[in-house]
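Here's the structure, in structure tokens; my notes come after.
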Amino acid sequence: MERKVESFMELSTYQEACALDFAIFTQTKSWPKEEMYALTDQIRRSSRSVGANIAEAWAKRRYPAHFTSKLTDADAELQETLHWLMRAKEYGYIESKPFEELWNAAKQVGRRLGSMLKSGDWSSLGHRQTVLSQRATVHCLPATSAAHSQQAQPEPERAADTEAGDSGHR
């Protein structure tokens, strides 16, 4: 029997979006000050909006059109984040390895968003359940959460999560 999701914070898609947001925030700390408003602020805002839109989608999950709309907004913010990430790479503000890590993490969030949009079973953990990563636990969940006390490794990627859930435009 599947356990029902009690909060958007339990969604692995949300947790991964938060981990991506934090990784981007950390990376941008070293970017030039003259890029604070033109690039740094833009990528920080768009990456933060991904998780916020997933949370809003959760609140509107009983209304399929609203749920879909907010997840689509999350995907749009993710695409903007990818754009700014590419610009930072072009300008030489990010090395190849951290760029690849952030890019791959963003693509994974995109696949999960695609899976949520295609799945009718978005209100239970089901196949999307992953054990909380340390970064997501520390930066996305309240300290009182039971998950905060658990340390675990992320679940391996499944073909169904990566191919069937990919919306094809990432």
### Task
Check Ile54, Ile24, Ile43 and return the single one that is closer than 21 Å to Leu102 by Cβ and in contact with an Asp or Glu (Cβ under 9 Å, 6 or more places away or on another chain).
Ile43
### Task
Mind counting the residues in segment 1-21 that are over 12 Å from the mean Cα position of the chain (by Cα), part of a loop (DSSP other than H, G, I, E, B) and closer than 22 Å to Asp75 by Cα?
2
### Summary
For Arg61, the lone unmet condition from (1) among the basic types (Lys, Arg); (2) within 23 Å of Met116 (Cα to Cα); (3) within 15 Å of the chain's Cα centre (by Cα) is (3)
### Message
Tell me yes or no: at least one residue of segment 22-36 is over 19 Å from Gln79 (Cβ atoms), in a helix (DSSP H, G or I) and either aliphatic (A, V, I, L, M) or at pLDDT below 95 (or both).
### Response
yes
### Task
Pull up segment 79-106, narrow it to residues that are without any contact (Cβ under 8 Å) to a residue 40 or more places away in the chain and under 12 Å from Ser47 (Cβ atoms), then point me to the one that is nearest to the chain's Cα centre (by Cα).
Glu80
### Query
Can you tell me which residues in segment 31-60 are surrounded by fewer than 22 Cβ atoms within 10 Å (Cβ to Cβ), touching a residue at least 12 places away in the same chain (Cβ under 8 Å) and among the hydroxyl-bearing types (Ser, Thr, Tyr)?
Ser46, Ser49
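The values are calculated or read from the model by the stated rules, or taken from the named source; none is laboratory data. All values reported here derive from a predicted model rather than from experimental measurement. As a convention, Cβ positions derive from the backbone with ideal geometry for all residues, glycine included, and neighbour counts pool all protein chains shown.
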